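Right, I'll just put the structure down here and ask away after.
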2 protein chains.
Amino acid sequence: MSPASKTTSAPRRGRPGYDQESVLQIAVGVFNRHGYDATSMGMLAEELGVSKSAIYHHVPSKGDLLRLALDEALVPLEAIGRQEQAMHGTAIERLEFILRSTIRVLIERQPYVTLLLRLRGNTEVERQALERRRAVDRKVTDLMIAAQAEGKVRTDVDPRTTTRLMFGMINSLVEWYKPNGPGSPEQLEENAIAMIVDGLRARA
Amino acid sequence: MSPASKTTSAPRRGRPGYDQESVLQIAVGVFNRHGYDATSMGMLAEELGVSKSAIYHHVPSKGDLLRLALDEALVPLEAIGRQEQAMHGTAIERLEFILRSTIRVLIERQPYVTLLLRLRGNTEVERQALERRRAVDRKVTDLMIAAQAEGKVRTDVDPRTTTRLMFGMINSLVEWYKPNGPGSPEQLEENAIAMIVDGLRARA
């Protein structure tokens, strides 16, 4: 809840007014620039353009802000696994659907996923988020094993290592993808899936 | 140069004595744990078990330590490109050699490469290191283009995006590879190369 929402749906009055989404957007930028540990409430106040004493009117606490910001990444990532195409079909089809959907969330929620991927696990909020992320990864490892049993994925690779390598590849895009750079999100998705499914080798 | 080397090759006497390698090993751990920006000379002193006033006898400056630690990653990474097998042969062979060698350096120099990959570029030392890293990446993009021209690499992927995806995959291992975990470095190397060259798909 933003402070404003207690009384009205319009942005809170004062200097300046923020709804929760704007606060989160600014906070995630500060966290990513300086690291969560190194970010102080004073730094957030400065970035929001409010006084250090007024900051608590705008944000609950640093930990709550982190939790809300991480949900912006985790909720859509977790939702992928509950979609029709992630639950039915062959393991290889479900795997490809999950990978494509993950790439889309990474692009759409880039700063929030960046925050998630850089967590060190120093606080309880961080550890809970990392556990939710691991649960998502485990589902993919299970699908990889099922796809090997189906005969659709090569059996000379280790499912756990391969899951990590795949996520390493996909997750890296939050560090280098530029929304306004050359190449559309669709091209990036196709390029990544082509590499994951068939690799570099030219085939006749 | 370690302070000790001015007078003797034996470790410096006192409480405790360090050669440069030990100082670097400890420093890179502190940098990776807290982030370079958030690490103070006081934190390094504590970790080395020396007083805050004595720290400058053991380490030159935070920036010099960073430069030395980054060289532990960059020097071997840059050396790969000067080896015989990186300079001669078909582009696809040279590419595979470079990828395999990079994986080995990442495993052998894991903490130093972790430091390199997490740099934010806030200081001149960091920016120089990032520029050296980019030069290494550019050589791989050039080889990718050459391998496409040779007909050995598929031409429906973008060489620059594909280089980034490949390095994303390979570089991720510094965040999750456990030297004493299951799976040998050789298995990891084979698994990664298999994925990069041929992808997931089972083939008859």
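Can you list, shortest first and in nm, the gaps between the label point of residue A:75 and those of its counterparts in the other copies, using a point 7 Å from Cα in the C-beta direction?
For residue A:75, the other copies' label points sit at 5.1 nm, shortest first.
Rounded, prolate or oblate, given the Cα gyration tensor of the stretch B:15-59, with a/c below 1.5 counting as rounded?
oblate
Let me ask something else about it. Taking the Cβ of residue B:140 as the centre, find all other residues whose Cβ is under 13 Å away and add up their charges (Lys, Arg: +1; Asp, Glu: -1).
Working: positive: B:94, B:100, B:133, B:134, B:138, B:139, B:160, B:164; negative: B:78, B:96, B:137, B:142.
Neighbour charge sum, excluding residue B:140 itself: +4.
Based on Cβ point charges of +1 for Lys and Arg and -1 for Asp and Glu, what charge dipole magnitude is obtained for the protein assembly as shown about its Cα centre, in debye rounded to the nearest 20?
Roughly 760 debye, rounded to the nearest 20.
Given the options B:116, B:165, B:70, which has the most mean-square fluctuation in a GNM of chain B, springs set between C-alpha atoms less than 10 angstrom apart?
Result: B:165 has the largest fluctuation of those listed.
In nm to one decimal, list the spacings between the residue A:155 label point and its equivalents in the other copies, with label points set 7 Å along Cα to Cβ, shortest first.
Spelled out, the distances from residue A:155's label point are 3.7 nm.
If we count every other residue with Cβ under 12 angstrom of residue A:151's Cβ, Lys/Arg +1 and Asp/Glu -1, where does the sum land?
For residues surrounding residue A:151, the net value is +3.
Within the set of other residues whose C-beta is less than 9 Å from the C-beta of residue B:200, count the net charge using Lys and Arg as +1 and Asp and Glu as -1.
That sum, taken over residues with Cβ under 9 Å, equals +1.
Using DSSP H assignments, which helices in chain B have an axial alpha-carbon span of 18 Å or above and a mean Kyte-Doolittle hydropathy of -1.0 or higher?
Details: long enough: B:20-34 (21 Å, 0.17); B:62-80 (28 Å, 0.66); B:91-108 (25 Å, 0.71); B:124-150 (39 Å, -0.72); B:185-198 (19 Å, -0.01).
Within chain B the helices that satisfy the rule are B:20-34, B:62-80, B:91-108, B:124-150, B:185-198.
Would you look at the GNM of chain B, springs on alpha carbons closer than 10 Å, and say which of B:175, B:84, B:21 moves the most?
Between B:175, B:84, B:21, it is B:84 that shows the largest mean-square fluctuation.
Please list the non-local residues whose amide H lies under 5 Å from the amide H of residue B:153, H modeled 1.01 Å from N, same-chain partners needing a gap of 5 or more.
A:202, B:148
Just checking the output field for A:149-162: average partner chain Cβ neighbours within 10 Å of each residue's Cβ?
For this peptide, the per-residue mean of nearby foreign Cβ atoms is 4.
What is the protein assembly as shown by shape, rounded, prolate or oblate, if you read a ≥ b ≥ c off the alpha carbon gyration tensor as root eigenvalues and call it rounded for a/c under 1.5, prolate for a/b larger than b/c, and oblate otherwise?
Verdict is oblate for the protein assembly as shown.
Something else about it: What ranking of A:142, B:71 emerges when the number of other C-beta atoms within 10 Å of each C-beta is taken as an exposure proxy, fewest first?
Fewest to most other Cβ atoms nearby, the residues stand as A:142, B:71.
How far is the Cα center of the stretch B:97-157 from the Cα center of the stretch A:15-71, in Å?
Taking the Cα centre of each part, the stretch B:97-157 and the stretch A:15-71 sit 35 Å apart.
Distances from residue A:186 to the same position in the other copies: list them in nm, one decimal, shortest first, using label points 7 Å from Cα along Cα→Cβ.
For residue A:186, the inter-copy label distances come out at 4.7 nm.
Any chance you could count the Lys pairs in chain A whose alpha carbons are under 25 Å apart, treating pairs 8 or more apart or on different chains as valid?
Taking the Cα cut-off of 25 Å, the pair count is 4.
Does chain B come out rounded, prolate or oblate, given a ≥ b ≥ c as the square roots of the eigenvalues of its C-alpha gyration tensor, rounded meaning a/c under 1.5 and, failing that, prolate meaning a/b above b/c?
Details: a/c = 2.44, a/b = 2.24, b/c = 1.09.
Prolate, since a/c reaches 1.5 and a/b exceeds b/c.
Every read-out reported here was derived from the displayed coordinates using simple, explicitly stated rules and does not represent laboratory data. The structure displayed is predicted, hence computed values, not measured ones. Positions of Cβ are backbone-derived with ideal geometry, glycine not excepted, and every protein chain shown enters the neighbour counts.
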